[in-house]
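Peer 1: Below is one structure. I have some questions about it.
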Amino acid sequence: MIVTTKELFQHAYGRYAIGAYNINNLEQTVGLFRGNLGKSKSNGDPVDANKSAPFIIQISRGARSYSDKRFLEAMIRTAAEVFPEAVFAVHLDHGTEEVCYDCIDSGFYSSVMIDASHEPFEKNIEITKRVVDRAHAKGVVVEAELGQLGGVEEDVVGSVCLTEPAQAAEFVARTGCDSLAVAIGTSHGAYKFSGAQGIRLDRLAEIQQAVPKNFPLVMHGSSSVPKEWVDRINNAGGALKSASGVDEAQYIQAARLGVCKVNIDTDGRLVWCAIHRESFRDDPANFDLRPPGKAFMEAYAAYIIHKNTKLGSAGQLESVRQLVAK
Ligand code: G3H
Ligand code: 13P
Ligand code: ZN
C-alpha cells in the first residue's frame, strides 16, 4: 500500500525513524521489499512481525534516467502486488523544480523532494513554495532542504554549511513544506568523516526547538559505511580506503530529536559491490548473472532488516497499518 510520508512521520515522530532507501534496479527493489517485511530469503517467506517495517522507496534523478523512469514505476507497482503487506511511500530524491512537477503530475509519487539548497535563502524559499503549492493541490507532500551537506574531504563540516535554526523556522513557515532536510554534519557517499566526528546532535536539538512542534526533520547522507562491507570489498579486489560513515547508534538519538526520515543509498551500493566482487572472485568460471543477483537480493534484504532494527522501525509495520487504515 502506497501512503504519504506524512502518515509515516506522524507515527514515527520522536520515537523512531523511517528508512528511506534508493532503488535503481530489480534486485534492489526485491531485496528492499523482502527486507522490510522481515523476509530474508524468498518472496514466499512469511512476514515477520518483529522485523517488518514501514519504509520509503526513493528514486533519484539519476535512477530515473538510468534506464527509463517507467521501468522503476512498473517495478514498484509489481512489488506492491507481490508484497501486498508492504506499507511504503514513493518519494523523489533530490528533485529539481521541473522533475518535481513531472512526479507530481504522474500521480504515482506520494512525496517529492525539492532540493534548492544550493540557492540563496530567498530563492530557495521561492522555488520551494511554488513546488509546495502545486504538490499540495494534488495531495502530494514535499520535503525541502536548507543548509548544505558537507564532507570532511572538502573540509566543509562547519558552521557555515550547517542549517541555522532560526532560518529553518522561517523557511518552514514561509514555504509550507511538510518536512525539512537539515545539514547537521553528514555528507553523501562513502567518505563522511576522517576522525571521530559524528552527527551534530547539538545543532539538531536547536533546530528541533526552533521549528513547529512535531515538525518532521530529515537526515541525508546517513549511510553507516560498515567496516565489515568495506573490508569484504577490499578483500575481493576493491580499493575503498578510509571509507567511514554515521555511527548507527546515532540514528535513534537523532530520531528522538525529530528526525523521522533517514536516507540510505551508499550502504546498499556497498552490499551490491561486495557480493558481486566476491562472486566473481570465488566462481571465476561463472558467467550467469543470476547467482550473484540472488545472493545480492538475500544479503540486501538481511541488511535492510539490520538497518531497520537500528532505526527503530523494525516491528512497527502492523501499528502503522492500523493507523493508515483509519
Ligand atoms: O543523494 C544522492 C543519492 O545517493 C542518489 O544518488 O543521484 O547517484 O542516484 P544518485
Ligand atoms: P548516503 O550516501 O549516506 O547513503 O546518503 C543517501 C542520501 O542522502 C540520498 O538522498
Ligand atoms: Zn541526499
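The values are calculated or read from the model by the stated rules, or taken from the named source; none is laboratory data. Keep in mind that this is a model prediction, so the values were computed, not measured. Note that each Cβ is placed from the backbone with ideal geometry, even for glycine, and that neighbours are counted across all protein chains shown. These area figures cover heavy atoms from the full protein model, side chains too; ligands, DNA and RNA do not enter into them. Shrake-Rupley method; radii C 1.70, N 1.55, O 1.52, S 1.80 Å.
Peer 1: If one computes the Cα centroid of segment 180-200 and of segment 226-249, what distance in Å separates the two points?
Peer 2: 16 Å
Peer 1: If R0 is 22 Å, what FRET efficiency do you get for residue 194 and residue 235 from their C-beta distance, rounded to 0.05?
Peer 2: Details: r = 23 Å, r/R0 = 1.03.
About 0.45, to the nearest 0.05.
Peer 1: How large is the convex hull of the C-alpha atoms of segment 184-326 per residue, in Å³? Before the final figure, lay out the partial values.
Peer 2: Details: hull volume 16.9 nm³, N = 143.
So the per-residue hull volume is 118 Å³.
Peer 1: Which value, in Å², gives the accessible area per residue of segment 196-326 when a 1.4 Å probe is used on the protein heavy atoms? Walk me through the numbers before you get to the answer.
Peer 2: Numbers: 6080 Å² over 131 residues.
Accessible area per residue: 46 Å².
Peer 1: Non-local amide H neighbours of residue 150 (under 5 Å, H modeled in plane, Pro and chain starts lacking H): which ones?
Peer 2: Here 185, 186 satisfy the definition.
Peer 1: For segment 10-106, give the magnitude of the charge dipole about the Cα centre (Cβ charges: +1 Lys/Arg, -1 Asp/Glu; no others), in debye to the nearest 20. Write down the numbers at each step before the final one.
Peer 2: Values: 10 positive and 12 negative charges, 74 e Å.
Using only the charged Cβ atoms, the result is roughly 360 debye.
Peer 1: Let me ask something additional. Which whole number of Å³ per residue matches the convex hull of the alpha-carbon atoms in segment 1-103? Walk me through the intermediate numbers first.
Peer 2: Values: hull volume 10.2 nm³, N = 103.
Looking at segment 1-103, the number lands at 99 Å³ per residue.
Peer 1: Also: What are the principal axis extents of the Cα atoms in segment 184-243, in Å, biggest first?
Peer 2: Principal extents (largest minus smallest coordinate, Cα): 49, 20, 15 Å.
Peer 1: How large is the translational diffusion coefficient of segment 245-314 in µm² per second when you combine the Kirkwood radius over alpha carbon pairs with Stokes-Einstein at 37 °C and 0.692 mPa s? Don't skip to the end; give the middle numbers.
Peer 2: Details: Rh = 13.7 Å.
D, rounded to a whole number, is 239 µm²/s.
Peer 1: In the calculated pair distance distribution of segment 84-207, what percentage of Cα-Cα distances lie above 17 Å?
Peer 2: Details: 4442 of 7626 pairs.
Beyond 17 Å sits 58 percent of the P(r) for segment 84-207.
Peer 1: Using the heavy atoms of the protein chains and a 1.4 angstrom probe, tell me the accessible area per residue for segment 49-130 in square angstrom. Spell out each step's value before the answer.
Peer 2: Numbers: 3440 Å² over 82 residues.
Per-residue accessible area for segment 49-130 comes out at 42 Å².
Peer 1: Name the residues whose placed amide hydrogens come within less than 5 Å of the amide hydrogen of residue 18, ignoring near sequence neighbours (fewer than 5 apart) on the same chain.
Peer 2: Under 5 Å from the amide H of residue 18 lie the amide H atoms of 261, 262, each far enough along the sequence or on another chain.
Peer 1: So, one more: If you filter segment 260-326 for chymotrypsin sites (Phe, Trp or Tyr not before Pro), then keep DSSP loop positions with at most 10 other Cβ within 10 Å, what is left? Don't skip to the answer; put the middle values down first.
Peer 2: Numbers: sites: 272, 280, 287, 296, 300, 303; in loops: 287.
For chymotrypsin sites (Phe, Trp or Tyr not before Pro) across segment 260-326 that sit outside H, G, I, E and B with at most 10 neighbouring Cβ atoms in 10 Å, the list reads 287.
Peer 1: Right, something else. Under 8 Å for C-alpha pairs, at least 6 residues apart: give me the relative contact order for the chain, rounded to a whole percent. Write down the numbers at each step before the final one.
Peer 2: Numbers: 663 pairs, mean separation 82.6, N = 326.
It comes to 25 percent, rounded to a whole number.
Peer 1: While we're on this one: Can you send over the carbon and sulfur percentage of the accessible area for the chain, probe radius 1.4 Å, protein chains only?
Peer 2: With neighbouring chains kept in place, the figure for the chain is 53 percent.
Peer 1: What is the Rg over Rh value, at two decimals, for the chain, using alpha-carbon atoms and the Kirkwood definition of Rh? Please list the in-between numbers first.
Peer 2: Numbers: Rg = 19.0 Å, Rh = 19.9 Å.
On the Cα set of the chain, Rg over Rh gives 0.95.
Peer 1: With charges set only on the Cβ (+1 for Lys and Arg, -1 for Asp and Glu), what does the dipole of segment 191-326 come to about its Cα centre, in debye to the nearest 20?
Peer 2: On the way: 18 positive and 14 negative charges, 87 e Å.
Around 420 debye, computed over segment 191-326.
Peer 1: I would also like to ask the following. Count the DSSP beta bridges whose two residues both fall in the chain, then state the antiparallel fraction as a percent rounded to the nearest 5. Each step should come with its number before you reach the end.
Peer 2: On the way: 0 of 31 bridges.
The answer is about 0 percent antiparallel.
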